[in-house]
Amino acid sequence: MISFGNIRKLDVYLLSYTVKFSNCNGKRKVQYESIEPADFKVDEDGMVYAVRSFPLSSEHDKFLIYAQDKETQEKWQVAVKLSLKPTLTQELAKKVQQYTLIIQATDMEGNPTYGLSNTATAVITVTFVNDNPPEFTAMTFYGEVPGNRVDVIVANLTVTDKDQPHTPAWNAVYRISGGDPTGRFAIQTDPNSNDGLVTVVKPIDFETNRMFVLTVAAENQAPLAKGIQHPPQSTATVSVTVIDVNEKPYFAPNPKIIRQGEGLHAGIPPMSGTGTLHIYLLDINDNAPQVLPQEVETCETPDPNSINITALDYDIDPNAGPFAFDLPLSPLTIKRNWTITQLNDKNRLII
């Protein structure tokens, strides 16, 4: 029995062989016809080739060709026998990229005693296609990560793939399809083991997120062969638990600016950890202006006399000057005998 694997699966292209008939008077004009036209076909020039790819077994190790002389109408049957050297197995196909077929054609229905035969060589090139999708070894993987840590591997995803190792049909590509809306995780592929390494790329706050359930999918670098779909085993979930760790307190924001009216008593609140606090004291109008000098003496003279006075305020702008001066309303004699003339915003001349 000839073991030839599955030709369609291995994408093997075969075969070519030329059948020629001749007699003593020279070449005959022969018409050819395959007895199995669904598998083999013969051109007018005697070229034999496979119509499709098929598993080569004992049922397909030989086939018949009808030949008819166009002038004499004489008919023959030619048996074409296929043999493979070496025997092709799946394991061997992974190691050898090319095979050689020895093809023998014998007339007289393959009679080994009276039939004449000839051989030809057919070269088969094996090209691998991605006909085995990666499958996770478990439906759920588990991992944990300390809070607020990055660049930490939290889970190791493992898959199996029956394709040739370290080829685009075998190399796995992982992606997160759900459970991570803020993009806190990423999956890198280990080039040696083909495992998926789930890594934290953004810090996670334990107080707001204590668990993630990720949906992950595995694919290959090469697309799957036509007609092959990803099975459910190409998708898995990853349950990630966030661990609470003892972290030092921190101020937010740091520094923080507070504006408070003056009179705030200085003090240090009880706390551990340090931060920067900017306190700005705002002046309030808590000091009345004073007139200087508060007492003066002047002599009574027939000519007009004057007194130069100023004002003092212990507040700062805008709660100090400019000042407004005025004479009291009583007694009435004051305004009849005295007037005020402004020199500047602090000084007034009283006449």
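Read-outs throughout are calculated quantities, based only on the coordinates presented, and are distinct from any laboratory measurement. These numbers come from a predicted model, not from an experiment. Using ideal geometry, Cβ is built from the backbone for each residue, glycine included, and neighbour counts are taken over all protein chains shown.
Applying the Karplus relation 6.51 cos²θ - 1.76 cosθ + 1.60 with θ = phi - 60° to the range 214-219 yields 3J(HN,Hα) values of 9, 9, 10, 10, 10, 9 Hz, where x marks Gly and Pro. Compared with the direct C-alpha span, the chain from LEU327 to VAL245 gains 22.1 nm at full extension, assuming 0.36 nm per residue. Once both labels are positioned 7 Å from their Cα atoms along Cα-to-Cβ, the gap between TRP76 and VAL152 label points is 8.1 nm. For the pair ASN285 and ILE102 in one chain, pulling the backbone fully straight at 0.36 nm per residue adds 54.6 nm over the alpha carbon distance. Each peptide among 229-242, 312-325 gets the average number of other Cβ atoms lying within 10 Å of its residues, and from highest to lowest they stand as 229-242, 312-325. Separation of the alpha carbons by more than 28 angstrom is noted, of LYS41/LYS162; LYS202/LYS226; LYS41/LYS70, for LYS41/LYS162; LYS202/LYS226. What FRET efficiency comes out for ASP69 versus ASN118 if R0 is 22 angstrom and r is the Cβ-Cβ distance? Round to the nearest 0.05. So, using R0 = 22 Å, E works out to roughly 0.75. Estimated translational diffusion coefficient (Stokes-Einstein, Kirkwood radius over Cα pairs, 20 °C, 1.002 mPa s) of the range 135-243: 149 µm² per second. A simple rule links phi to the HN-Hα coupling: the Karplus curve 6.51 cos²θ - 1.76 cosθ + 1.60 with θ = phi - 60°, which for the range 179-194 gives x, 9, x, 9, x, 8, 10, 8, 10, 10, 9, 6, x, 8, 8, 6 Hz, with x for Gly and Pro. Each part gets one Cα centre, and for the range 274-328 versus the range 213-250 those centres are 77 Å apart. A Förster radius of 56 Å, combined with the Cβ-Cβ distance separating TYR142 from ARG259, puts the computed FRET efficiency at roughly 0.65. For the range 197-213, backbone phi angles converted through the Karplus equation (6.51, -1.76, 1.60; θ = phi - 60°) give residue-by-residue couplings of 9, 7, 10, 7, 10, 10, x, 10, 8, 4, 5, 10, 9, 10, 7, 10, 10 Hz, Gly and Pro being listed as x. Computed from the C-beta positions of THR125 and HIS278 and an R0 of 56 Å, the FRET efficiency is 0.15 to the nearest 0.05.
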